[in-house]
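A short write-up of the structure that comes next.
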Amino acid sequence: MRRSLLIGVSALAVALAAAAATRSAIPARQVACGQSLVVVLFWPHGHGAIPSVGFSADRKPHLEIYKYGTHGYPSRNLLAYGAVNGKTRFARACKTKIGDFPAGSIPSRISGRRARAYSCRVPKNARIHTMPVKGGLHVDVGAPGSRVVSAKLRRRGSLLDFSRASCNPGAPPH
């Protein structure tokens, strides 16, 4: 009798743990922000405080996507944020989209593993698609059927692929 009770309680605990893990899983998200020029800040190791642009320290590998501007990175220009822990944020101006996510090859693909600022031209119907993956977050930027940027954020070994035809890499803020 005791053994049956112990097996039953153990099975219930496993089922509850699985249900909690499923409920807390972060879903894939996709938005369209209506921008044709963006700046992607790629931080594969996170960064310390950067007072020159008003950034506080964010030590997690992450990326930030801003409307293109000539006066730094004001918070009002932030379109999207994604971090290795699966946390994402999107501007209110970005509208949720379902289906037709950025996919396919990246033309003139180059890979980057260092902190950089990428100025990119994106198609008019561009979308930002985030998807939690084992050990991190995958972020694609582009239009249905093509990608301009694809980032894999991991605790170690984050990588960003970008289209040299659409993006110009530059120094990140410091």
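Below is a table of values for the structure above.
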quantity	calculated
Any chance ARG59 is closer than 17 Å to GLN35 by Cα and free of Cβ contacts under 8 Å to residues at least 24 places away in the same chain	no
Of residues in the stretch 107-124 being in contact with a Gly (Cβ under 9 Å, 6 or more places away or on another chain) and in a strand (DSSP E or B), the one surrounded by the most Cβ atoms within 10 Å (Cβ to Cβ)	TYR118
Qualifying residue in the stretch 144-155 (condition: β-branched (Val, Ile, Thr), in a loop (DSSP other than H, G, I, E, B) and touching a residue at least 24 places away in the same chain (Cβ under 8 Å))	no
Per-region count, the stretch 89-98, residues exposed (fewer than 14 other Cβ atoms within 10 Å of the Cβ), touching a residue at least 24 places away in the same chain (Cβ under 8 Å) and either assigned to a loop (DSSP other than H, G, I, E, B) or more than 17 Å from the chain's Cα centre (by Cα) (or both)	2
Test: ALA83 is loosely packed, with under 12 Cβ neighbours inside 10 Å and either within 19 Å of LEU159 (Cβ to Cβ) or in contact with a Gly (Cβ under 7 Å, 6 or more places away or on another chain) (or both)	no
Scan of the stretch 132-142 for residues that are in a strand (DSSP E or B), farther than 18 Å from VAL39 by Cβ and either open to solvent by less than 20 Å² (accessible area, probe 1.4 Å) or out of contact with any Gly (no Cβ under 6 Å at 6 or more places or on another chain) (or both), ordered by number	VAL133, GLY136, LEU137, HIS138
Of the criteria (1) of a type in the set (A, V, I, L, M, F, W, C); (2) at pLDDT 95 or above; (3) in contact with a Lys or Arg (Cβ under 8 Å, 6 or more places away or on another chain); (4) closer than 12 Å to GLN30 by Cα, which one CYS94 fails	(3)
Among the candidates ARG127, ARG164, residue that is in contact with an Asp or Glu (Cβ under 9 Å, 6 or more places away or on another chain) and open to solvent by 10 Å² or more (accessible area, probe 1.4 Å)	ARG127
Filter result (closer than 21 Å to LYS124 by Cβ and part of a loop (DSSP other than H, G, I, E, B)) within the stretch 29-48	CYS33, GLY34, GLN35, SER36
Residue in the stretch 99-106 that is over 16 Å from SER36 (Cα atoms), part of a loop (DSSP other than H, G, I, E, B) and at pLDDT 95 or above present	yes
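The values are calculated or read from the model by the stated rules, or taken from the named source; none is laboratory data. Treat the numbers as computed from the prediction; the structure is a model and nothing was measured. Note that we place each Cβ from the backbone using ideal geometry, even for glycine, and neighbour counts take in every protein chain shown. For accessibility, only protein heavy atoms count, side chains too; no ligands or nucleic acids. Shrake-Rupley method; radii C 1.70, N 1.55, O 1.52, S 1.80 Å.
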